[in-house]
1. I'm trying to understand the selection: among the residues of region 27-83, which are assigned to a helix (DSSP H, G or I), exposed (fewer than 14 other Cβ atoms within 10 Å of the Cβ) and touching a helix residue (DSSP H, G or I) at 6+ places or on another chain (Cβ under 8 Å)?
2. Considering only region 113-133, state which residues are assigned to a strand (DSSP E or B) and either under 18 Å from residue 46 (Cβ atoms) or assigned by TED's automatic domain parsing to the domain that holds residue 70 (or both).
3. From the list 48, 14, which one is modelled with pLDDT under 95 and closer than 30 Å to residue 174 by Cβ?
4. If I ask for residues that are in a strand (DSSP E or B) and more than 16 Å from residue 12 (Cβ to Cβ), which ones from region 143-171 would you list?
5. Does residue 107 satisfy the condition of being in contact with a strand residue (DSSP E or B) (Cβ under 9 Å, 6 or more places away or on another chain), exposed (fewer than 15 other Cβ atoms within 10 Å of the Cβ) and either modelled with pLDDT of 95 or more or in the same structural domain as residue 152 (by TED's automatic domain parsing) (or both)?
6. Are any residues in region 110-125 closer than 18 Å to residue 9 by Cα and surrounded by fewer than 14 Cβ atoms within 10 Å (Cβ to Cβ), and if so, which ones?
7. Looking only at region 17-26, count every residue that is assigned to a strand (DSSP E or B) and over 14 Å from residue 75 (Cβ atoms) and tell me the total.
């Protein structure tokens, strides 16, 4: 769909490995040190993200984080995280349970404001910030990785198709492009 004025918002399904990490009671500092040693990664404070190489840690809840990386071998990221923290934390591979869609472009904030409950103005939400909030009435993790701005939206794979429809509907009046139709179809099917 073409943009009435300016460049269109880019909406794309992303192929990512996702791992949920929960520190066991009283072990958050030890888990943080273990991930620092294994990945060079700081497990971030509430509302924040940290990146080391191609791995991003996103805060999700007290003593809980989601790790995101480019798609690799099945289960590899989860195995690496489990090897790093051992029994100090609980590790769950979310590769098949969650899907990621990126919304990027000058008007991405405007598009997301129509379906998201948080204030996405740059004064309130900027690069490196994370929020867990409903988007299009679905539980969602929102992460801003850059100043473009781009937003990575992590939702349950069960609702991936419906969610992508909600995002494209919100972007219709400003114009959008979906660069990879095949990935979009796989995302809608919940198999990306």
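The values are calculated or read from the model by the stated rules, or taken from the named source; none is laboratory data. What you see is a predicted model; the values in this text were computed from it and never measured. We place every Cβ from the backbone using ideal geometry, glycine too, and count neighbours over all the protein chains shown.
1. Passing the criteria: 37, 83.
2. 129, 130, 131, 132, 133
3. Within the list 48, 14, the selection yields 14.
4. 156
5. no
6. Passing the criteria: 121, 122.
7. 3
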